[in-house]
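To start, the structure under review is shown below, and the notes come after it.
Every read-out reported here was derived from the displayed coordinates using simple, explicitly stated rules and does not represent laboratory data. For clarity, every value in this text was computed on a predicted model and none was experimentally measured. Positions of Cβ are generated from backbone atoms using ideal geometry, with glycine treated the same way; all protein chains shown enter the neighbour counts.
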Amino acid sequence: MGPVAAGTAIGAAALTLGRGAAGAMGNGLSFAAELLRAASGGPSTAQREVDPSAAPQQALKLQIDAMQQRIQQQLAAAGIQLTQPVDLVGNGQGGIAVAGPHPQQAAIEEVLGSDILLERDFNNLAIDYDDFVESHGAGDLPPSLIVTLPKTP
């Protein structure tokens with residue numbers, strides 16, 4: 001491939017990547033999420049028809065799902081196998097708390113409390129969630145953020 005053809009191909013790739021990033025940012029998705037979608041062969045946000053009224057709730061759901069996966073990985077890395085599902089909420093002091101009684105409550109809260117970045121991100125997500133509920137209404141959502149982890153298989 002000659003230098004002109006290579007430059008054209010690189011330029012086209014950069015333009016496509018830029019459009020995907022702009023579409024992702026416009027819909028509240030992270031650039032990394034958009035790259036993962038493109039790498040997996042799925043259509044980018046810019047390429048799909050999205051119901052504009054559902055986009056903010058879908059973006060929030062993606063963030064909650066990502067947080068759920070991140071917490072599950074943190075617990076698994078600490079060797080905690082959930083014997084039953086658990087609901088997690090903010091504790092009002094910047095940490096993550098188990099909502100209600102759970103046989104592994106102390107262990108779960110200890111592991112999650114040892115990751116300052118996870119707690120920060122959880123609280124930022126809780127703020128985003130509250131902002132969403134305030135501006136769009138709760139609808140069928142709980143009034144505040146609850147991240148539910150299923151029993152470990």
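What does the charge add up to near Val147, with Lys and Arg as +1, Asp and Glu as -1, over the other residues with Cβ less than 10 Å from its Cβ?
-1
How much net charge surrounds Val89 when only other residues with a Cβ under 13 Å from its Cβ are counted (Lys, Arg +1; Asp, Glu -1)?
Here the count lands on -4.
Mind giving me the nanometre distance, one decimal, between the label points for Glu110 and Ser144, set 7 Å out from Cα along Cα→Cβ?
Reported label-point gap for Glu110 and Ser144 is 2.6 nm.
Dimensions of segment 79-148 along principal axes (Cα, Å, largest first)?
Sorted from largest, the Cα extents of segment 79-148 read 39, 24, 17 Å.
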